[in-house]
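In what follows, a single structure is set out as structure tokens and then discussed.
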Amino acid sequence: MSSPRRPGSQPSRGGRAPWSPRGERGRLPPVSRALGSFQLGHQDNIPSCTPVQRALMLLTPSLEKLQAVKCRMLEAMDKGLSRQTHAQATVRMLPTFICSTPDGTEKGDLMVVELCQSHVRTLFVTLLGDGNQSPQLMYKIFDMPADMLQGTGEALFDFIAQCVHKFLEEIGSPQHRLPLGFVFPFSCRQTGLGKAELISWSKGFQCSDVEGKDVVQLLQAAINKLELYHVQVIALLNDTVGTMMASSWGGKPCEIALVTGTGTNSCFMAEAELVEVVEESNGRMCVNSEWGCFGDDGALGDVLTPYDHRVDQESSNPGERRFEKMVGGLYLGEIVRHAVLMLATEQALFVGASTSVLGAKDAFKTQQVLEIMDNETGMAKARSALEALGLQPSERDCCRVQQICRAVVSRAAALSATGLAAILSLMCRSRELERLVVNVGVDGELYRAHARFGEILQSVAGLLAPECTATLVPSADTNGLGVAMVTAVAQRLLTQRHEVEQLLAPLRLSRADLERVQALMRQEMERGLGRDSNADASVRMLPTYVCNTPDGTERGDFLALDLGGTNFRVLVVRVMQEGIHMASEIYVVPTSVMQGTGEALFDHIVECIMDFQRKQNLMEQVLPLGFTFSFPCQQLGLDKAVLLTWTKGFSASGCVGQDVVQLLRDAAQRKQHVALKVVAVVNDTVGTMMACGYDDPKCEIGLIVGTGTNACYMEERKNVGTVEGDEGRMCINMEWGAFGDNGCLDDIFTTFDRMVDEKTINAGKQRFEKLISGMYLGEIVRHILLAMVDKQLLFRGKPSLKLQTRDIFQTTFLSTIETDGLALQQVQGILRDLELDASFEDSVLVREVCQTVSLRAAQLCAAGLAAVVEKMRENRGLAQLAITVGVDGTLYKMHPHFSQNLQQMLQDLAPNCAVTFLQSEDGSGKGAALVAAVACRETSP
Ligand code: BG6
Ligand code: GLC
């Protein structure tokens, strides 16, 4: 945290504490001017110091001292936020579960009940969903019997319920469900918007049997007793939250509020991950600081005066709420009384008169203190107040009492500012901003009664948190609309949450769903392997003629091609005893070529090979070539692969049903490039398994989660009904992307999946792949977002033309948006690039959609893989299988949570398999070269 000035420097221009009581020049007695230049801690040594001067000095802490208090406040706040120390913290930093400010779409009837110091206020508000332009509002105030504050809790809540009843009767309210927000300005432990246990009473309240109880339930029970069952208490709010919302009125969002009324408190919008006691790391949440208790552990020791100690000792809760007792209006009159009393005892005031009247509690009211401060009428007020106590004050006495009053109120303002500065610095720090610009809603009679209070608040906060610009917005909430808005927001959020949950529910798979997917995959695998059932199976289980994983004896130089993923690559791979060396080049395959004619596609491939050979000086050599061709092929041998169907956006004509090796050779001939010797063609899964198998002999599965998704594994040859021979194993390219193309997964597909599928060039095909792989996830998210806009759940229901564009929401956005610790401003930035004006809540929701879609993808992938590892374990008759999966693909590699979600779910679904994931580093081209190397080894004499 930065400090506004170096220690030892002067607190402000001219050395005068900026909040020190301001009086008119000339009229001010010398003592007041002296007050300007003091530094606390030195005043005791000033020989000429009079008792009055000393009292004023004690009441005017220096800026350095306030700076130190701010640091301690920040420490206390950090303690309150941290899970470990929350329970013992003096500043409790209570979560309010309010995560949103009004957005204008709030709509409907609602009710608010506010418990105040001496009355209960009831409100009925109708919002029209018109941007809150013309809310209709009725309210009534019910005076509360004074003895109620110390009566039973039951009596208090019955009284409040009766107010509700009477009010509703008077206004003839409708009988439909009426959400009610309850403003309860005491410190509560909330576990939800509508669940709040009273921690402790304050401000003179001490009703029995309420502390430790859920206040929402108490009120609801009292309301139910009166048979008002349609009134439903949905939210409990602290008064500071109401102030924040009320000040947010009219397009100026306030993210901090402070109240300096009878008591004092503040709230602010904190980054959700700061609020450790709540398991929520997305977005922001309003935190009720309950800073009134700051100092209860002694943290205010060096600013407390003897007057404060006396006020505390005579209060109903000695030792507690020390900060509030220096700042809250309930106590200022008492501080003044004790200061005046001690000065009178020292004969510095009312010389010679009896001052015993000053010994009586509450002889000075805070209201009088505020009146006495006034420049014009203050002296007269001082006189009449003192005379009313039976004193006969001199002009000098009145003047000094006025100075004391000013010092006490100014100190309250300066201390509020100190707390505010702590909040500002905390927000600035946690949002990682260089400069925080923020609006602060302010309310409470102290702030309203005296303009100087606001000036001091503003200037001291500015000095103590120079990295922040805070604009004070006085709450104009005379009718309680702010509080009503909170209830409206709460109601909107409840409804919205419900709708969001409904929309996302089909995408959230249960464990039972996943077990079923696993069982279905297993069933389809068996069908794919069976000689007779193969033709109808959605999982093709294609033999690859790769029967061994590398054993390390492979040698030689090879060319490799890698077609079908994000990049088309040509490589030269040198397999030596010391290891493998590779050089490669990435070439672009334009969409027009992907979707043009087969001839053009293979001509393009051969041109790239020739370009590469030229660059690598390999034109003269005839190197054996391994071809990674990442599409489903019926292999008739290691170097003969008939394309079954295109996937992943390819559709070049004249290729399906053809041997792709032959197509390549034909193109080479057309280009008169005779030096091409294709020895092996492999799927990318196989290439990946082989590449990883070179480093880990346990690697007997290959997995791709990239543009598409697929897996291969080593199957017992005797199980492969589609090839002759029973000995050993053969790698099977599952082509699991097509799982479900026969309808077996239909109940898992959501409307969004169907919309995505319909617009692809292979509708109805590759249905499993379209739930999992990178080519489709962004599109699924986009369709969900469109549905949310449609339901007014996002972007205030404003449609964006760009969001309606296919493929505009790329899967890389999911990876970025879901990155841990990514500030939501950055999410907003991504959305802004899509011309989406996202609010903070919008960003949180977009993130949730991304998380839901990518989690489902990872879990489905796990279900598929669980079927594979379990089958392998059973094949081998093992109780436990230890195996490695070689894995590749941009989604798997780039997404921040995919791999973890996949691995967790896999472990859950296949607990008897210890599966290690080995990420392929150099792509499957290397694997293709290894397959070529094995082939060459086997054919050489
Ligand atoms: C690469 C392989 O490493 O991964 C490709 O070399 C494969 O053959 C790819 O298709 C899969 O990932 P993506 O994300 O590029 O589709
Ligand atoms: C598609 C292809 C498959 C490939 C996978 C991953 O599913 O059909 O052959 O392995 O994408 O790239």
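The values are calculated or read from the model by the stated rules, or taken from the named source; none is laboratory data. Note that the coordinates shown come from a computational prediction; the quantities given were computed from them, not determined experimentally. Here Cβ is always computed from backbone atoms with ideal geometry, including for glycine, and neighbour counts include all displayed protein chains. Heads up: the accessible areas ignore ligands, DNA and RNA and are worked out on the full protein's heavy atoms, side chains in. Shrake-Rupley method; radii C 1.70, N 1.55, O 1.52, S 1.80 Å.
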Of those in the stretch 788-808 that are part of a loop (DSSP other than H, G, I, E, B) and hydrophobic (A, V, I, L, M, F, W, C), the residue nearest to Phe898 (Cα to Cα) is Ile808
In the stretch 625-643, residues that are in a strand (DSSP E or B) and surrounded by 15 or more Cβ atoms within 10 Å (Cβ to Cβ) total 12
Could you count how many residues in the stretch 569-591 are part of a strand (DSSP E or B) and within 26 Å of Asp696 (Cα to Cα)? 14
Yes/no for Arg832 being open to solvent by 10 Å² or more (accessible area, probe 1.4 Å), among the basic types (Lys, Arg) and at pLDDT 95 or above: no
So which of Met714, Met788, Met755 ends up being modelled with pLDDT of 95 or more, more than 30 Å from Gly637 (Cα to Cα), more than 16 Å from ligand 1 (Cβ to nearest atom) and surrounded by 20 or more Cβ atoms within 10 Å (Cβ to Cβ)? Met788
Condition met for Gly737 (in a strand (DSSP E or B), under 25 Å from Glu874 (Cβ atoms) and within 16 Å of ligand 1 (Cβ to nearest atom)): no
What number goes with the only condition from (1) more than 27 Å from His581 (Cα to Cα); (2) crowded, with 18+ Cβ neighbours inside 10 Å; (3) away from ligand 1 (no atom under 15 Å from the Cβ) that Trp646 does not pass? (3)
Give me the helices (runs of 4 or more DSSP H) completely within the stretch 831-941, filtered to those with at least 1 residues that are more than 16 Å from ligand 2 (Cβ to nearest atom), ordered by residue number. 840-875, 898-909, 925-939
In this structure, is Leu391 part of a loop (DSSP other than H, G, I, E, B), open to solvent by less than 20 Å² (accessible area, probe 1.4 Å), more than 30 Å from Gly462 (Cβ to Cβ) and in contact (Cβ under 8 Å) with a residue 12 or more places away in the chain? yes
Criterion: in contact with a Lys or Arg (Cβ under 9 Å, 6 or more places away or on another chain), within 30 Å of Val231 (Cβ to Cβ) and at pLDDT below 95 - qualifying residue of Gly480, Gly444: Gly480
Residue that is away from ligand 1 (no atom under 16 Å from the Cβ), surrounded by 24 or more Cβ atoms within 10 Å (Cβ to Cβ) and under 36 Å from the mean Cα position of the chain (by Cα), where the choices are Ile772, Ile780: Ile780
In the stretch 718-734, residue surrounded by the fewest Cβ atoms within 10 Å (Cβ to Cβ) [restricted to those that are of a type outside the set (Val, Ile, Thr) and in contact (Cβ under 8 Å) with a residue 60 or more places away in the chain]: Gly728
Could you tell me whether Val915 is touching a residue at least 12 places away in the same chain (Cβ under 8 Å) and either surrounded by fewer than 22 Cβ atoms within 10 Å (Cβ to Cβ) or out of contact with any helix residue (DSSP H, G or I) (no Cβ under 9 Å at 6 or more places or on another chain) (or both)? yes
Which members of the stretch 809-829 meet the condition of being small (Gly, Ala, Ser) and assigned to a helix (DSSP H, G or I)? Ser815, Gly829
Strands (runs of 3 or more DSSP E) lying entirely in the stretch 83-202 (those with 2 or more residues that are within 30 Å of Ser316 (Cα to Cα) and out of contact with any His (no Cβ under 9 Å at 6 or more places or on another chain)): 107-115, 119-128, 178-183, 187-192, 195-200
Here are some residues: Arg121, Arg189. Which one is out of contact with any Leu (no Cβ under 6 Å at 6 or more places or on another chain) and open to solvent by 50 Å² or more (accessible area, probe 1.4 Å)? Arg189
